[in-house]
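Right, one structure below, let's go through it.
The values are calculated or read from the model by the stated rules, or taken from the named source; none is laboratory data. Bear in mind the structure is a predicted one, so any value in this text is a computation, not a measurement. A quick note on method: Cβ atoms are made from the backbone with ideal geometry, for glycine too, and the neighbour counts reach across all protein chains shown. These area figures cover heavy atoms from the full protein model, side chains too; ligands, DNA and RNA do not enter into them. Shrake-Rupley method; radii C 1.70, N 1.55, O 1.52, S 1.80 Å.
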Amino acid sequence: MEKIEFNEVNIQNLFGYEAAKDENPERLQQYYFKSDVYEKITSDLPLRILVGHKGIGKSALFNVAMFEDNQNGKLAILIQPNDITNLGNNTIEFLETIKNWTYGLKEIIITKVLERLGIPHDAERGKIYLGSVLDYLVKVLNELPSGRYTDEQYEKIFNFLALPSITVYIDDLDRGWQGRKEDVTRLSALFNAIRDLIKLNGQNYKLYFRIALRSDVYFLVRTSDESTDKIENSVVWHTWKNQEIFALLVKRIETYYQRSINEVTLSRLKPVELANYLKPIMEPRFTGSGLWQNAPTDRVLMSLIRRRPRDLVKLCTLAARQAYTRKSNLIQTQDFKSIFANYSQSRVTDTVNEQKMS
């Protein structure tokens with residue numbers, strides 16, 4: 001098997017980026033490990049709220065889901081904090097805050113959909129606020145003059161009109177979260193506005209919302225606003241088992257070497273069988289002293305990552321850089337030992353910061 005040189009490009013292609021938004025969507029789709037959480041989030045239900053700790057992989061799941069939506073001809077859009085900076089900021093009157101969210105989300109969704117279809121949004125704004133988002137879009141698209149758009153645009157428009165459906169992904173809502181009363185009220189109003197938009201849409205068309213939240217943010221909103229009991233059944237907790245994270249690492253290695261392997265196969269393998277896939281890039285046993293002496297390397301890794309994929313990426317990336325410094329094609333115990341202090345201090349800092357924000 002070809003030996004790997006642990007330069008920066010190869011390290012990122014092998015282990016991936018810490019932040020999914022920085023990853024090439026096609027590469028992310030190749031190595032992403034679909035647990036049962038993925039199926040729950042992408043199920044045919046109008047509202048799904050993905051809740052999990054920082055670094056658990058919420059954005060990665062959304063990016064893969066959106067990529068596959070686009071591959072399958074489904075219309076999906078992403079709403080991020082920059083899109084909604086001016087929405088729901090007046091939290092004094094709760095009903096007005098909900099109304100502001102409702103109108104604002106309608107305008108954002110319609111604008112992004114028309115942009116995706118390559119159509120200028122020159123309709124009167126007032127019409128946006130009457131009826132459902134999909135009713136409005138269907139009306140606009142049916143009234144388009146012929147002969148002004150490319151065949152590719154017409155194909156997208158035709159596919160949309162054949163089965164009007166939009167999936168709205170809302171990510172990074174907790175960016176800048178401080179846990180203040182107004183932060184909680186703003187987020188509660190958003191949930192109410194989304195439920196109103198879903199109800200307003202009726203049964204003829206499909207409007208889906210997928211929202212990602214840190215667990216501490218969801219907990220604070222849930223315990224501060226009794227109205228959020230209406231969304232509790234829509235919550236999906238994002239967690240990982242160590243076996244799944246180990247399989248995730250193996251899939252990244254195998255797809256890096258352009259070998260096909262799927263989740264079903266990996267899920268059936270025992271840890272000792274999965275460990276065989278690590279041999280091309282790291283030594284199989286930890287040769288240090290103490291409790292880890294002669295322990296399988298994968299066991300050492302799994303004990304350090306808090307069941308978060310981002311921690312695994314960080315740990316492997318730092319060790320691979322040390323191997324590169326030694327001009328080695330194999331990550332060894334000395335590489336892990338040399339970065340343990342800095343890695344552990346960073347994880348402690350992460351934990352302290354998360355507790356401060358909760």
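Select from the range 227-240 the residues that are open to solvent by 60 Å² or more (accessible area, probe 1.4 Å) and in contact with a helix residue (DSSP H, G or I) (Cβ under 9 Å, 6 or more places away or on another chain) and list them in ascending order.
229, 230, 232, 237, 239
If residue 128 satisfies every condition in (1) in contact with a Lys or Arg (Cβ under 6 Å, 6 or more places away or on another chain); (2) modelled with pLDDT of 85 or more but one, which is the exception?
(2)
Can you pull out the residues in the range 192-225 that are in contact with a His (Cβ under 9 Å, 6 or more places away or on another chain) and assigned to a helix (DSSP H, G or I)?
Matches in the range 192-225: 215, 216.
For the structure I just gave you, tell me whether residue 165 is surrounded by 12 or more Cβ atoms within 10 Å (Cβ to Cβ), of a type in the set (Gly, Ala, Ser) and touching a Lys or Arg at 6+ places or on another chain (Cβ under 7 Å).
On the way: surrounded by 12 or more Cβ atoms within 10 Å (Cβ to Cβ): yes; of a type in the set (Gly, Ala, Ser): yes; touching a Lys or Arg at 6+ places or on another chain (Cβ under 7 Å): yes.
Judged against the criteria, residue 165 is a match.
What are the residues in the range 29-38 that are in a helix (DSSP H, G or I), surrounded by fewer than 20 Cβ atoms within 10 Å (Cβ to Cβ) and in contact (Cβ under 8 Å) with a residue 24 or more places away in the chain, if any? Break it down into steps so the answer makes sense when it comes.
The first filter runs over the range 29-38 and keeps only residues in a helix (DSSP H, G or I), leaving 29-31, 36-38.
Checking which are surrounded by fewer than 20 Cβ atoms within 10 Å (Cβ to Cβ) leaves us with 29-30, 36.
Of everything in the range 29-38, those that are in a helix (DSSP H, G or I), surrounded by fewer than 20 Cβ atoms within 10 Å (Cβ to Cβ) and in contact (Cβ under 8 Å) with a residue 24 or more places away in the chain turn out to be 29, 30.
Among the residues of the range 185-215, how many are modelled with pLDDT under 90, open to solvent by less than 60 Å² (accessible area, probe 1.4 Å) and at negative phi?
Residues in the range 185-215 being modelled with pLDDT under 90, open to solvent by less than 60 Å² (accessible area, probe 1.4 Å) and at negative phi: 2 in total.
Would you be able to tell me the number of residues in the range 304-328 that are under 15 Å from residue 252 (Cβ atoms) and open to solvent by 80 Å² or more (accessible area, probe 1.4 Å)?
Within the range 304-328, residues that are under 15 Å from residue 252 (Cβ atoms) and open to solvent by 80 Å² or more (accessible area, probe 1.4 Å) number 1.
Six or more apart or on different chains, Cβ under 7 Å: which pairs go from a residue in the range 320-333 that's outside any strand (DSSP E or B) to one that's among the aromatic types (Phe, Trp, Tyr) and surrounded by 15 or more Cβ atoms within 10 Å (Cβ to Cβ)? Could you list them?
Sorted first by the residue in the range 320-333, then by its partner, the pairs are 320/6; 321/6; 323/6; 324/6; 333/286.
Does the range 241-255 include one or more residues that are closer than 30 Å to residue 313 by Cβ and assigned to a loop (DSSP other than H, G, I, E, B)? Explain how you work it out, then say what you get.
Pass one, the range 241-255, residues closer than 30 Å to residue 313 by Cβ: 241-255.
If we keep only those that are assigned to a loop (DSSP other than H, G, I, E, B) as well, we get 241.
Among the residues of the range 241-255, at least one is closer than 30 Å to residue 313 by Cβ and assigned to a loop (DSSP other than H, G, I, E, B), which makes the answer yes.
Restricting the search to the range 48-71, which residues are in contact (Cβ under 8 Å) with a residue 24 or more places away in the chain and in a helix (DSSP H, G or I)?
58, 59, 60, 61, 62, 63, 64, 65, 66, 67, 68, 69
Looking only at the range 196-204, decide whether some residue is acidic (Asp, Glu) and more than 24 Å from the chain's Cα centre (by Cα).
yes
Is it the case that the range 80-102 has a residue that's of a type in the set (Asp, Glu) and under 30 Å from residue 309 (Cβ atoms)?
yes
Can you name the residue in the range 241-263 that is buried (at least 19 other Cβ atoms within 10 Å of the Cβ) and of a type in the set (Phe, Trp, Tyr) and is also farthest from residue 28 (Cα to Cα) among such residues?
246
Is the range 28-47 home to any residue that is of a type outside the set (Asp, Glu), touching a Lys or Arg at 6+ places or on another chain (Cβ under 9 Å) and farther than 25 Å from residue 312 by Cβ? Working first, answer last.
Let us first name the residues in the range 28-47 that are of a type outside the set (Asp, Glu), namely 28-35, 37-38, 40-43, 45-47.
Filter once more, so that each one left must be touching a Lys or Arg at 6+ places or on another chain (Cβ under 9 Å): 30-33, 35, 40-42, 46-47.
Pick out the ones that are also farther than 25 Å from residue 312 by Cβ and you get 46-47.
Within the range 28-47, one or more residues are of a type outside the set (Asp, Glu), touching a Lys or Arg at 6+ places or on another chain (Cβ under 9 Å) and farther than 25 Å from residue 312 by Cβ.
Let's see how each residue does on (1) touching a strand residue (DSSP E or B) at 6+ places or on another chain (Cβ under 6 Å); (2) farther than 30 Å from residue 204 by Cβ; (3) open to solvent by 70 Å² or more (accessible area, probe 1.4 Å):
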site: 3; (1), (2), (3): no, yes, yes
site: 9; (1), (2), (3): no, yes, yes
site: 14; (1), (2), (3): no, yes, no
site: 23; (1), (2), (3): no, yes, no
site: 40; (1), (2), (3): yes, no, yes
site: 44; (1), (2), (3): no, no, yes
site: 48; (1), (2), (3): yes, no, no
site: 53; (1), (2), (3): no, yes, yes
site: 58; (1), (2), (3): yes, yes, no
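Of everything in the range 6-45, what is aliphatic (A, V, I, L, M) and within 16 Å of the chain's Cα centre (by Cα)? Give them in sequence order. Break it down into steps so the answer makes sense when it comes.
Within the range 6-45, the subset aliphatic (A, V, I, L, M) is 9, 11, 14, 19-20, 28, 37, 41, 45.
19, 20, 28, 37, 41, listed by residue number.
Do you know which residues across the range 258-291 are hydrophobic (A, V, I, L, M, F, W, C), touching a helix residue (DSSP H, G or I) at 6+ places or on another chain (Cβ under 9 Å) and modelled with pLDDT under 90?
Within the range 258-291, 261 is the sole residue that qualifies.
Take the residues in the range 62-119 that are exposed (fewer than 14 other Cβ atoms within 10 Å of the Cβ) and hydrophobic (A, V, I, L, M, F, W, C); name whichever of them is nearest to the chain's Cα centre (by Cα).
Among residues in the range 62-119 that are exposed (fewer than 14 other Cβ atoms within 10 Å of the Cβ) and hydrophobic (A, V, I, L, M, F, W, C), the one nearest to the chain's Cα centre (by Cα) is 95.
Being in contact (Cβ under 8 Å) with a residue 12 or more places away in the chain, assigned to a helix (DSSP H, G or I) and exposed (fewer than 15 other Cβ atoms within 10 Å of the Cβ) is the filter here, so list the residues in the range 264-303 that pass it.
267, 271, 272
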